[in-house]
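Taken together, the values in this text are just the output of simple stated rules run on the coordinates, not laboratory data. None of the values given here were measured: they were computed from a predicted structure. Using ideal geometry, Cβ is built from the backbone for each residue, glycine included, and neighbour counts are taken over all protein chains shown.
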Number of protein chains: 2
Amino acid sequence: MIVQKYKDMLQGKSVIRQLSEFATARGQEIGYENVFDFSLGNPSVPVPQEFTDVMIKMLQERNPMELHGYSQSLGIPSVRDKVAASLNKRFGMNYTGNHIFMTTGAAGAIAHAVRCVTEPGDEVLTIAPYFPEYAPYINLTGAVLKVVSADTENFQINFEAFEEMLTEKVTAVLINTPNNPSGIVYSTETIKELARIMEEKQRQYGHDIFLISDEPYREIVFAGVDAPYPSKFYDNSLSCYSFSKSLSLPGERIGYVAVNPKCTDADIISVMCSQISRGTGHNCPPSIIQLAVAEVLDLTSDLSVYETNMNILYKELTDLGLECVRPGGTFYMFPKSPEPDAAVFSEKAKKYDLILVPSDSFGVKGYFRIAYCIDTEKVERSLEAFRKFIREMY
Amino acid sequence: MIVQKYKDMLQGKSVIRQLSEFATARGQEIGYENVFDFSLGNPSVPVPQEFTDVMIKMLQERNPMELHGYSQSLGIPSVRDKVAASLNKRFGMNYTGNHIFMTTGAAGAIAHAVRCVTEPGDEVLTIAPYFPEYAPYINLTGAVLKVVSADTENFQINFEAFEEMLTEKVTAVLINTPNNPSGIVYSTETIKELARIMEEKQRQYGHDIFLISDEPYREIVFAGVDAPYPSKFYDNSLSCYSFSKSLSLPGERIGYVAVNPKCTDADIISVMCSQISRGTGHNCPPSIIQLAVAEVLDLTSDLSVYETNMNILYKELTDLGLECVRPGGTFYMFPKSPEPDAAVFSEKAKKYDLILVPSDSFGVKGYFRIAYCIDTEKVERSLEAFRKFIREMY
């Protein structure tokens with residue numbers, strides 16, 4: 001029989017999706033180049049040429065039986081080894097290939113990490129502002145997502161609220177740094193304090209509390225920003241990664257879970273993930289994409305455009321009198337709305353062809369998200385619209 | 001906390017995997033060409049050159065931002081349209097792209113189809129002999145797999161047992177035709193009788209009972225064999241497909257669910273699947289693989305080797321006095337073991353470097369599976385080993 005739960009989910013329509021659809025429709029009227037569409041977090045720079053070259057070379061030269069052959073559900077061993085080596089080199093970790101589980105992007109990584117360490121009914125904490133997809137991601141596993149209210153001062157972590165909510169029912173904490181939507185990177189101080197509290201609570205409750213660290217924006221960090229690797233500070237860490245943003249491959253759906261070698265049952269978690277896959281219907285990423293990404297692990301797309309765009313927008317908006325915590329990475333910023341209801345603000349912005357996402361679905365009221373992963377030329381043209389909008393309306 | 005359920009699953013080791021590992025180890029001793037490894041169901045012929053050409057052309061010519069860009073979680077609309085058109089042309093169906101949900105292979109397809117139509121605790125029937133992975137696939141969704149005993153006469157369906165087990169608790173029936181491990185294709189008569197009983201029970205119980213039809217071997221059907229498209233005979237059908245075998249792309253993990261346009265809620269099932277994806281962490285297959293496969297939908301690898309191999313082995317084994325229902329498709333056959341305990345038989349066969357999978361894990365005792373997706377030359381060389389083995393031991 002058709003399951004009502006999923007049918008009911010069809011009613012809810014994402015605000016971001018609605019705004020993106022509005023932008024597309026408006027673009028058909030006035031030309032999409034005239035719509036300042038800051039709604040979607042899609043990379044705006046191409047994949048490195050090296051990736052394309054590797055793909056073509058493999059297709060031309062390798063035996064197709066091997067190239068397209070079955071791979072283990074954990075991922076191709078040589079690829080897992082290379083991911084481990086790259087992380088070790090960059091972050092001073094001690095991963096082996098055995099600690100890496102290849103996934104179809106960050107969503108696949110989180111789905112497996114959460115199932116590994118939560119029983120149905122267990123609570124998972126996340127920190128506002130947060131990626132709205134975390135609610136279905138977590139709740140559909142049977143665990144229960146709870147949201148710690150934001151530290152609106154600087155969008156680090158509101159530790160008072162965090163500690164209060166970190167009850168015995170919590171078996172995992174899901175963080176996202178650099179953060180969507182705030183653009184903030186958790187500082188070393190923040191990660192240390194997070195680890196301290198979680199360790200204390202582990203001792204107090206006598207059970208593991210896992211840190212699930214969602215890091216698709218890991219490579220987009222701006223000059224001079226302190227960007228610690230969370231797993232380095234807390235043993236019970238599962239790092240979830242996607243190459244979508246760093247290599248501009250969002251459609252190719254590839255990522256991984258990296259299991260901290262010091263965590264509980266570190267040596268069996270990746271094989272547990274492959275058991276979980278049998279129920280989720282997850283298949284490891286396609287062989288050819290795994291093999292190609294493994295050859296460009298230490299490259300990224302030219303991500304500098306995001307910092308350029310951020311600097312332009314940050315200056316303009318703060319000059320206009322808007323409050324905004326300066327982003328440390330990602331391609332988002334999260335200014336305070338000049339009126340309390342961010343949805344009203346977003347609606348008014350549409351009249352200036354500015355597509356801005358109100359903050360409510362990110363778990364905090366009165367802010368808006370700008371996804372500035374668009375051409376700098378368009379960012380520059382948008383400034384006049386921002387000026388008109390803010391000056392006329394506020 | 002680490003979840004015990006998945007930890008416990010690590011104890012069980014698949015018989016097929018063990019045999020395959022034995023074959024590899026033995027191959028290191030005597031040369032793998034001398035091990036008659038019939039354990040694994042991996043395609044033995046390459047992908048059509050057209051697929052490789054399309055991939056290279058896209059990589060060379062298309063804008064990488066578009067080529068690797070995000071696609072909707074249901075799959076790329078143009079790809080879904082092409083899959084629908086291909087199925088309509090071949091099977092006289094009336095699918096639109098809206099009825100197609102792209103998945104990362106058949107496992108992804110089944111995981112979504114089952115979740116769409118079963119609540120936790122609902123029963124799903126499958127028919128022995130059956131693919132052993134169905135147990136974790138189904139049971140980890142929260143539904144309960146029940147196995148209908150085999151019709152060992154001809155490996156169609158034991159309808160007496162089926163009807164008895166089709167109680168009010170059953171909300172889905174999972175079939176696999178052409179069948180792994182028997183190699184049998186369900187006849188039109190079988191599918192019609194299956195549909196008749198399921199329709200009668202739907203009326204009797206007043207609720208839908210869905211047919212989930214797992215069809216990765218759909219394109220491997222031998223000359224003259226009646227191979228109906230199950231969905232054509234039963235409205236509440238969800239067809240699950242993988243291109244792994246037809247295009248020899250097992251590592252690239254691409255398939256789909258095709259929702260019968262006449263089934264209950266036909267127009268929303270694919271979007272329900274995309275809601276389910278949020279919890280499973282499923283991501284639609286990579287853009288580039290979707291786009292490439294869509295260009296070769298009506299092609300297959302040169303699958304003729306499988307029929308050649310079947311004919312050689314079938315003749316030899318029946319000449320040796322083994323009982324075997326002649327396969328109608330796939331690259332499997334499923335002869336009766338000359339001794340009651342198939343595991344003992346399989347163990348003895350190893351001494352002749354014949355790697356044969358005992359039938360117990362397929363839900364029937366006293367048979368063995370031969371996966372003859374290997375070079376014909378090796379099949380021919382194996383005949384002497386079969387002769388020695390059977391004549392000396394039986």
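Would you mind classifying the stretch B:102-214 by shape? Square roots of the alpha carbon gyration tensor eigenvalues, ordered a ≥ b ≥ c; an a/c under 1.5 is rounded, otherwise it is prolate if a/b is larger than b/c and oblate if not.
Working: a/c = 1.59, a/b = 1.08, b/c = 1.47.
It comes out oblate by the Cα gyration axes.
Nearest 10 degrees is fine. How inclined is helix B:188-205 to the longest principal axis of chain B, computing both from alpha carbons?
50 degrees
For the stretch A:297-394, what does the relative contact order come out to in percent, with C-alpha contacts under 8 Å and a separation of six or more? Show your work: numbers first, answer last.
Numbers: 128 pairs, mean separation 27.8, N = 98.
Over the stretch A:297-394, the number comes to 28 percent.
Which of B:333, B:65, B:310 moves most in a GNM of chain B, Cα contacts under 10 Å?
Between B:333, B:65, B:310, it is B:65 that shows the largest mean-square fluctuation.
From the mean inverse distance of alpha carbon pairs (Kirkwood) and the Cα radius of gyration, derive Rg over Rh for the stretch A:113-158. List each step's numbers first, then the result.
On the way: Rg = 11.5 Å, Rh = 11.1 Å.
Rg/Rh: 1.03.
Can you list the trypsin sites (Lys or Arg not before Pro) in the stretch B:1-98 that are in a DSSP coil and have 10 or fewer other beta carbons within 10 angstrom?
On the way: sites: B:5, B:7, B:13, B:17, B:26, B:57, B:62, B:80, B:82, B:89, B:90; in loops: B:13, B:62.
Those that pass, being in a loop and sparsely packed, are B:13.
How much FRET efficiency would the formula 1/(1 + (r/R0)^6) give for residue A:119 and residue B:365, where r is the Cβ-Cβ distance and R0 is 45 Å, rounded to 0.05? Working shown, then result.
Values: r = 36 Å, r/R0 = 0.80.
The value I calculate is 0.80.
Looking at the protein assembly as shown, what % of its DSSP beta bridges pair antiparallel, to the nearest 5?
Details: 30 of 70 bridges.
Bridges in the protein assembly as shown are about 45 percent antiparallel.
Let me make sure I get this right: for the stretch B:124-275, a, b and c are the square roots of the gyration tensor eigenvalues over alpha carbons, sorted descending. Under 1.5 in a/c it's rounded, otherwise prolate if a/b > b/c, else oblate. Which is it?
Values: a/c = 1.39, a/b = 1.08, b/c = 1.28.
Verdict is rounded for the stretch B:124-275.
Any chance you could give the angle, 0 to 90 degrees and rounded to 10, that helix A:376-393 forms with the longest Cα principal axis of chain A?
So the helix axis and the longest Cα principal axis differ by about 50 degrees.
Taking every DSSP beta bridge that has both residues in chain B, what percent is antiparallel when rounded to the nearest 5?
The antiparallel fraction comes to roughly 45 percent.
Which residue is it, in chain B, that holds its beta carbon closest to the axis of the B-onto-A rotation, and how many whole angstrom away?
Residue nearest the B-to-A axis, with distance in whole Å: B:280, 2.
Tabulate in residue order the Karplus-calculated ³J(HN,Hα) for the stretch B:250-256, using 6.51 cos²θ - 1.76 cosθ + 1.60 with θ = phi - 60°, rounded to whole Hz; enter x for Gly and Pro.
Along the stretch B:250-256, the couplings run x, x, 8, 6, 9, x, 6 Hz.
Say we join alpha carbon atoms closer than 10 Å with springs in a Gaussian network model of chain A; which of A:303, A:317, A:249 then has the biggest fluctuation?
Per the Cα network of chain A with a 10 Å cutoff, A:317 tops the list.
Using only Cα atoms, tell me the angle between helix A:77-91 and the longest principal axis of chain A; keep it within 0 to 90° and round to the nearest 10.
The helix A:77-91 is inclined about 60 degrees to chain A.
When we measure straight from the Cα of residue B:348, which lysines land under 17 angstrom away, once same-chain ones fewer than 8 places off are left out?
B:336, B:365, B:388
Ignore the peptide's own chain and count Cβ atoms of other chains within 10 Å of each Cβ in B:69-76; give me the average, rounded.
Numbers: counts 7, 10, 4, 0, 1, 0, 0, 1.
Per residue, the average neighbour count from other chains is 3.
Can you give the net charge of the other residues whose Cβ lies under 12 Å from the Cβ of residue B:177, counting K and R as +1 and D and E as -1?
Details: positive: B:218; negative: B:214, B:215, B:226.
Here the charged neighbours net out to -2.
Explain nothing, just compute: Karplus ³J(HN,Hα) = 6.51 cos²θ - 1.76 cosθ + 1.60, θ = phi - 60°, for every residue of the stretch A:35-43 in order, whole Hz, x for Gly and Pro.
With the stated coefficients, the stretch A:35-43 comes to 9, 8, 8, 9, 8, 9, x, 9, x Hz.
How big is the gap, in Å, between the Cα center of the stretch A:94-154 and the Cα center of the stretch A:295-318?
The stretch A:94-154 and the stretch A:295-318 have Cα centres separated by 26 Å.
Taking a threshold of 32 Å on the Cα-Cα distance, which of the pairs A:5/B:7; B:13/B:82; A:146/B:262 fall above it? Display every interim value, and only then the final one.
Details: A:5/B:7 29 Å; B:13/B:82 40 Å; A:146/B:262 41 Å.
Over 32 Å Cα-Cα: B:13/B:82; A:146/B:262.
Mind telling me which of A:110, A:157, A:268 comes out most flexible in a GNM of chain A, alpha-carbon contacts under 10 Å?
A:268
Taking square-rooted eigenvalues a ≥ b ≥ c of the alpha carbon gyration tensor, is the stretch A:205-296 rounded, prolate or oblate, where a/c under 1.5 means rounded and, failing that, a/b exceeding b/c means prolate? It would help to have the intermediate numbers written out before the result.
Values: a/c = 2.33, a/b = 1.09, b/c = 2.14.
Oblate.
Over the stretch A:146-304, what relative contact order in percent results from Cα pairs under 8 Å that are six or more residues apart?
On the way: 195 pairs, mean separation 27.1, N = 159.
Averaging sequence separation for qualifying contacts and normalising by length gives 17 percent for the stretch A:146-304.
Can you give the net charge of the other residues whose Cβ lies under 9 Å from the Cβ of residue A:201, counting K and R as +1 and D and E as -1?
On the way: positive: A:203; negative: A:163, A:168, A:199, A:200.
Net charge in that neighbourhood comes out at -3.
Could you order peptides B:70-76, A:27-33 by the average number of other Cβ atoms within 10 Å of their residues, highest first?
Top to bottom by mean Cβ count within 10 Å: B:70-76, A:27-33.
Skipping prolines and chain starts, which residues have an amide H placed within reach, meaning under 5 Å, of the one on residue A:171, given they are 5 or more residues away or on another chain?
A:123
Averaged over A:92-105, how many beta carbons belonging to a partner chain fall within 10 Å of each residue's beta carbon?
1
Go ahead and run the numbers for FRET between residue B:384 and residue B:304, Cβ-Cβ distance against an R0 of 25 Å, rounding to 0.05. It would help to have the intermediate numbers written out before the result.
Working: r = 24 Å, r/R0 = 0.96.
After rounding to 0.05, the efficiency reads 0.55.
For a Förster distance of 41 Å, can you work out the FRET efficiency between the beta-carbons of residue A:133 and residue B:146, rounded to the nearest 0.05?
Working: r = 35 Å, r/R0 = 0.85.
Efficiency, rounded to the nearest 0.05: 0.70.
Using Cα pairs closer than 8 Å and at least 6 residues apart in sequence, work out the relative contact order for chain A, in percent. Intermediate values should be presented prior to the final figure.
Values: 751 pairs, mean separation 92.9, N = 394.
Result for chain A is 24 percent.
Once you wrap a convex hull around the alpha carbon atoms of the protein assembly as shown, what is its projected area averaged over all directions, in nm²? Intermediate results must be reported in sequence, preceding the final value.
Details: hull surface 132.4 nm².
Taking the Cα atoms of the protein assembly as shown, their convex hull projects to 33.1 nm² on average.
What are the aspartates and glutamates whose alpha-carbon lies under 13 Å from the alpha-carbon of residue A:57, with same-chain residues fewer than 8 places away excluded?
Partners within reach: A:295, B:53.
In the neighborhood of residue B:34, defined by Cβ-to-Cβ distances under 11 Å, what is the net charge if each Lys or Arg adds +1 and each Asp or Glu adds -1?
Numbers: positive: B:26, B:378, B:381; negative: B:29, B:33, B:37, B:353.
With Lys, Arg at +1 and Asp, Glu at -1, the net is -1.
Calculate the mean, over all residues of peptide B:52-59, of how many other protein chain Cβ atoms lie within 10 angstrom of the residue's Cβ. The partial results should precede the final answer.
Numbers: counts 7, 1, 1, 6, 5, 1, 2, 8.
Mean partner shielding for this stretch: 4.
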